[in-house]
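Notes follow the structure.
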Amino acid sequence: MGLTRILSSFEWLVSSRYLRSRRKQSFISVISLISVGGVAIGIATVILVISVMNGFEQSLKDKFLINQAHVNVRSTKGYFSNYQEQIDKIEGITGVVSASPVIYSQLAIQPKRSKRIEGTIYIKGIDPILEDNVTGFSGFVDGSFDFHGSALLENVRRRSSQRETIKGGIVLGSSVASRLDINRGDVLRLISKMEPNPANPSTFFADVSNFVVIGLYESGMFAYDNAFGFISLEIAQDLYNQKNYINLIQVRTTTPEIASTIANKIRREIKFSNSGLYSVPRTSTWVESHAALFEAIQLEKLVTVIIEALIILVASFNIASTLIMMVMEKTREIGILRSMGSSKMKILIIFVLQGCIIGFLGIVLGSALGIGTCFLLALEVVRPSRWFALLIFVPISLQVAIALHRTISRSRSLKFAISLLWLGIIAFVLYCLVQPIQINSEVYQLNRLAVKIDWFFVGVINFSSFFICLLATLYPAWQASKLNPVEALRYE
């Protein structure tokens, strides 16, 4: 039996009439509306929540991939020499875009005006041009990244005393600068190591180097902006007493997805020479660095889908209860239909169609609400105030709509226009209320709640919801088809 035949059939006519209740059956109509609302809320919630979690996951990935290399290569011996030769070999591997040398370590910091150490940060010694090819470094720097010839650096050197040697410039994470109240042009001390005092072995000398803050690094990721500083590769080699050595090679691949494959190729094809011995490098990918985080997100998404599926299941119980009450209410009508020659299959189809109509309406409304809310959360435009929508627009619109409804209650075409007006009022209120949400970047690493709709998932959840609603109709429809017309009309 084709869909076209059903939509133009006797069964469709009867089932649609049953859903449009009269006054004495208005309770069943209310229950039907509640069932539609239950399905709609379940669909809208699962679409919204999963879209927000997808957007959060994708935004984190984008931030991570812009701020860090796809593959990190380290030597098992710590530092390694002849790194340019190894970089050339790595860049010769198919799928590698570029590679950059880095010295990477954690140092204590002390602002010039402070008399105590204010904590530690990670210091990366980089070549700005090569680093830019791998991590897009320059795009996040507010100020200069010329570690040797910056104007700020030269000005501070001219003003400083002969006893205070300025090592070079440093680009400091913006959150670090904000936390320590440091501005561009200020002097920051880096303490690389503590050496024992020959005169008094119980005390230590601090190996202190002075740097001028020539730029602020602001990537939008609090984990980076609050933990990193960047200096010249040559200065870092001198600072760590590792002339012509590095301890990290950063690699960017053509696509992030092949990072694991490239890491395996590097381990197979590249050997590091150290004191005449060759060793296989240690590699780590961006996926491995954040595996725990993304696994947690996937687990949360799974739990969310299960919870939302239970909401839709509860809504399907509402559909089943609605149909059961409708069967009880329509016992006389069912008896009449059976006595007029309607088969059991026709009666079953009538009530299955009623449940499908309720489920379909709930799915359409829920999808529209969920997808519309997602678009509004992602839409960055200036909108009327929420207070305007709630305190001014809504009361006036309700009064106008109610007055019009009472005035033209007998005209079907005008009733349709009033229905569109109601929908317009609801849409405008949602447009004002649902706005992009700012979040705490220190906790979530993002400044704004991101949304990404997975259309395949929307299709799957709609199909699954309709299937659940269809199953909910089978028992009451089967009971209706079993009614004996003699029993149904006995007391009529």
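The values are calculated or read from the model by the stated rules, or taken from the named source; none is laboratory data. Just so we're clear, the structure is a prediction, and the values are computed from it rather than from any experiment. Neighbour counts are summed over all protein chains in view; Cβ atoms, including those assigned to glycine, are modelled from backbone coordinates with ideal geometry. Side chains included, ligands, DNA and RNA excluded: accessible areas come from the protein's heavy atoms. Shrake-Rupley method; radii C 1.70, N 1.55, O 1.52, S 1.80 Å.
Heavy-atom accessible area per residue, the stretch 84-147, 1.4 Å probe: how many Å²? Spell out each step's value before the answer.
Values: 2910 Å² over 64 residues.
Using a 1.4 Å probe on heavy atoms only, each residue of the stretch 84-147 averages 46 Å².
Label separation (residue 269 vs residue 324): 6.7 nm, computed from points 7 Å beyond Cα along the C-beta direction. Label-to-label distance, residue 456 versus residue 82, with points set 7 angstrom from Cα along the beta-carbon direction: 4.6 nm. Segment residue 218..residue 191, full-extension length gain: 7.4 nm, with 0.36 nm per residue of separation and the alpha-carbon distance subtracted.
Taking Cβ atoms as reference points and 14 Å as the exclusive limit, the residues near residue 99 contribute a net charge of -3, counting Lys and Arg as +1 and Asp and Glu as -1.
Radius of gyration over Kirkwood radius for the stretch 228-381, both on Cα atoms: the Rg/Rh ratio is 1.38. Extension gain, residue 339 to residue 234: 0.36 nm times the residue separation minus the Cα-Cα distance gives 28.1 nm. Subtracting the Cα-Cα distance of residue 148 and residue 314 from their residue separation scaled by 0.36 nm leaves 53.0 nm.
Of the solvent-accessible surface of the stretch 70-199, computed with a 1.4 Å probe and all protein chains present, 46% belongs to carbon and sulfur. Taking other residues whose beta carbon is less than 10 angstrom from the beta carbon of residue 174, and scoring Lys, Arg as +1 and Asp, Glu as -1, yields -2.
Based on the Kirkwood radius over alpha-carbon pairs, what is the Stokes-Einstein translational diffusion coefficient of the stretch 92-181 at 4 °C with 1.567 mPa s viscosity, in µm²/s? Don't jump to the answer; show the numbers that get you there.
Working: Rh = 15.4 Å.
Stokes-Einstein gives a translational diffusion coefficient of 84 µm²/s.
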